[in-house]
Amino acid sequence: MTLAIRDIAVAFGGFKALDGISLEMPEQGLVGIIGPNGAGKSTLFSVISGFIAADAGSVALDGRALDRLGPAARARRGLVRTFQVPREFAHLTVRDNLMAAAPGQSGEHLLGLFLRPGRVRAEESRLRDAAQETIDFLRLGPVADQQAGRLSGGQKKLVELGRALMAKPRMILLDEPFAGVNAVLVEEIAARITELNARGIGFLIIEHDLQALSRLVPRMAVMDRGRLLADGTPAAVLADARVREAYLGGVAA
Amino acid sequence: MTAYLLAIGIMAAIYVLLTLGLTLQYGLTGLVNFGHVGFFAIGAYASALLSLQGVPLPLTFLAAALAAAIAAWPIGLVALRLREDYFAVVTLGFGETVRLAITSEGWLTNGVQGIPGIPRLFSAMPVGLPEALATFAVIALACTVAALMLRRIAASPFGRVIGAIRDNEDALKALGKDPARFKLQVMMLGSALAGIAGAFYGHYITYLSPDQFIPLVTFYAWMAMIMGGVGRVSGAVVGAALLMAFLEGTRFLRDFIPGVSEVEMASVRLGAVGLALVLFTLFRPQGLMGDYRK
Ligand SMILES: Nc1ncnc2c1ncn2[C@@H]1O[C@H](COP(=O)(O)OP(=O)(O)OP(=O)(O)O)[C@@H](O)[C@H]1O
Ligand SMILES: [Mg+2]
């Protein structure tokens, strides 16, 4: 699945949060996005996923424009995002959070629910196993039956990630997946991302943990003040003088 | 005394049905419906008018449920795209609009004069204890079926999705599910329950007029839900029973407060109900049966 972002511009009031951003994600891409606070990274995710309408520019998936589609329709095409600030279903258990994310459940239709209870039960038991696997992998076992609203910030981020995985996407946009997650688990999640990527799932990952990110992705895009500053291998990008300047917050030369 | 208790029981059961509709809409899904009485009224008039045309009762109940559900459809379509607070205002307006329509469309509803002589549920039986008992049994059965159905929905994948809608709609959209479809179905199903409650009400009271369908009815259903426990099916049952006990209890207050007129007493009752609600939110916000926050 390829993603093409062309000349996206978004202004909040007079403030240009995105100022002509273009980015190509090839088939099976694994791309990191970095940039200082307020660079517009999360806003870009919101535009790609359809939560914010761009003032200009277009987003296309496999060559087909997405601009007229809402967030849910885009997700059904295989493009799933997570949120920087976790948006867990606070009063559902962790398990239900994950199970709710799975697509194509016949028990989500009232008719199916009452007319084909056997089928719904069978689906639920399969889904429960899949959710358990994700719970084990993310080490959420001890809190699996707690309401997600009661978890720590890091655990909530894991629920976000788990839900995205359960949604069976073809491309995942992760907004700071490692924030608040312990280093050991970060490595395991990174390994899982590599593995899923090898199986064909594309990843676009915003992350402030530059070390973890540079080990994970072969390519990194740098954003600053709504623009694309650099795009290349992590080593090349991090050596770039303009990138260093943006990160050090230095005054423009 | 038995007749009196049965009468209270029947009204309580009608309120259970009404409250179950709100439990589905607000408790399980988070939709703030302040116009519940409108759907109650539509059901009441639909069934009453059809039965007066000679349509047999089970069919008029079906029509009541359908009419209320169909009325909820455009409300859903328009309002579900609105923010939560606007939705509350739209539904409130809908409830009042229904009452105004009943008042002004005299050719159909006989306006403020109302419709007398609506057939009772068991019109073949003479009015009396056995008849009241049979009526109560039927409504209680309807409550049981509705409660079991809601339980099943709450524990299902559908219930999981509407719980997710209540907690965070955007997150659900990001996973590829459209909240609108679910909200529409919830609005229609909850309204169908209100419509059936209305039909039972009309055939029990045997007289309908617009002033029976004031916003206070919606308020009572909300109160029952809050006292019983928001988002709990058992809460709707317990809450509606408690509400009736409370409303009837305050009736006797009059015997202890001399020199109070009927009109003044209505205000005193309303004040007492409001006070009870405040006390509940202060001391037992989760309601008697606990709520979805566990
Ligand atoms: N809904 C909004 N209304 C107004 N301004 C907004 C809105 N969303 C974002 N902004 C502003 O747009 C800019 C970019 O925000 P964005 O969240 O995209 O940055 P970011 O690169 O994700 O930063 P961080 O690394 O801190 O998450 C910020 O200055 C922010 O204050
Ligand atoms: Mg951000």
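The values are calculated or read from the model by the stated rules, or taken from the named source; none is laboratory data. None of the values given here were measured: they were computed from a predicted structure. Please note: Cβ atoms are built from the backbone with ideal geometry, for glycine as well, and neighbour counts cover all protein chains shown. Just so you know, the surface numbers come from the protein's heavy atoms only, side chains and all, with ligands and any DNA or RNA stripped out. Shrake-Rupley method; radii C 1.70, N 1.55, O 1.52, S 1.80 Å.
Below is a table of values for the structure above.
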{"item": "Inverse of mean 1/r across different Cα pairs in region A:161-253, Kirkwood, Å", "result": "14.4 Å"}
{"item": "Relative contact order, percent, region B:184-294 [alpha-carbon distance under 8 Å, six or more residues apart]", "result": "32 percent"}
{"item": "Across A:Lys41/B:Lys173; A:Lys41/B:Lys183; A:Lys16/B:Lys183, pairs whose alpha-carbon gap is larger than 28 Å", "result": "A:Lys41/B:Lys183; A:Lys16/B:Lys183"}
{"item": "Separation between Cα centres of region B:82-101 and region A:166-186, rounded to whole Å", "result": "42 Å"}
{"item": "Accessible area buried between chains B and A, both sides summed, probe 1.4 Å, in Å² to nearest 100", "result": "2700 Å²"}
{"item": "Separation between Cα centres of region B:242-269 and region B:144-172, rounded to whole Å", "result": "38 Å"}
{"item": "Under the span-like rule (Cα at least 18 Å along the axis, Kyte-Doolittle mean at least -0.5), DSSP H helices of chain A", "result": "A:153-166, A:183-198"}
{"item": "Gaussian network model of chain A, Cα within-10 Å springs - most flexible of A:Ala179, A:Ala122, A:Ala65", "result": "A:Ala122"}
{"item": "Added length on full extension, which subtracts the Cα-Cα distance from 0.36 nm per residue, A:Glu133 to A:Arg121", "result": "2.5 nm"}
{"item": "Which of B:Val263, B:Gln113, B:Ala240, positive extreme of dipole for chain B (C-beta unit charges)", "result": "B:Ala240"}
{"item": "Rounded percent of accessible protein surface that carbon and sulfur make up, the protein assembly as shown, 1.4 Å probe", "result": "62 percent"}
{"item": "Mean Cα-pair separation over length for region B:2-214, i.e. relative contact order, pairs under 8 Å, 6 or more apart, %", "result": "45 percent"}
{"item": "Per residue solvent-accessible surface (Å²) - the protein assembly as shown, probe of 1.4 Å", "result": "43 Å²"}
{"item": "Whole-number percent relative contact order across region B:84-208, with pairs defined as alpha carbons under 8 Å at least 6 apart", "result": "34 percent"}
{"item": "Shape of chain A, Cα gyration tensor, a/c cut at 1.5", "result": "prolate"}
{"item": "Per-residue HN-Hα couplings for region B:127-141 [Karplus 6.51, -1.76, 1.60; θ = phi - 60°; Hz; x = Gly/Pro]", "result": "4, x, 4, x, 5, 4, 5, 5, 4, 4, 4, 5, 5, 4, 5"}
{"item": "Rg and Dmax [Cα atoms of region A:1-113; Å; Rg one decimal, Dmax integer]", "result": "16.3, 50"}
{"item": "In Hz, Karplus ³J(HN,Hα) per residue of region A:222-238 (6.51, -1.76, 1.60; θ = phi - 60°; x = Gly, Pro)", "result": "10, 10, 8, 6, x, 10, 8, 8, 7, 7, x, 5, x, 4, 5, 5, 6"}
{"item": "Inter-centroid distance (Cα atoms) of region B:1-55 relative to region A:101-139, Å", "result": "34 Å"}
{"item": "Area projected by the alpha carbon convex hull of region B:2-214, averaged over all directions, nm²", "result": "11.8 nm²"}
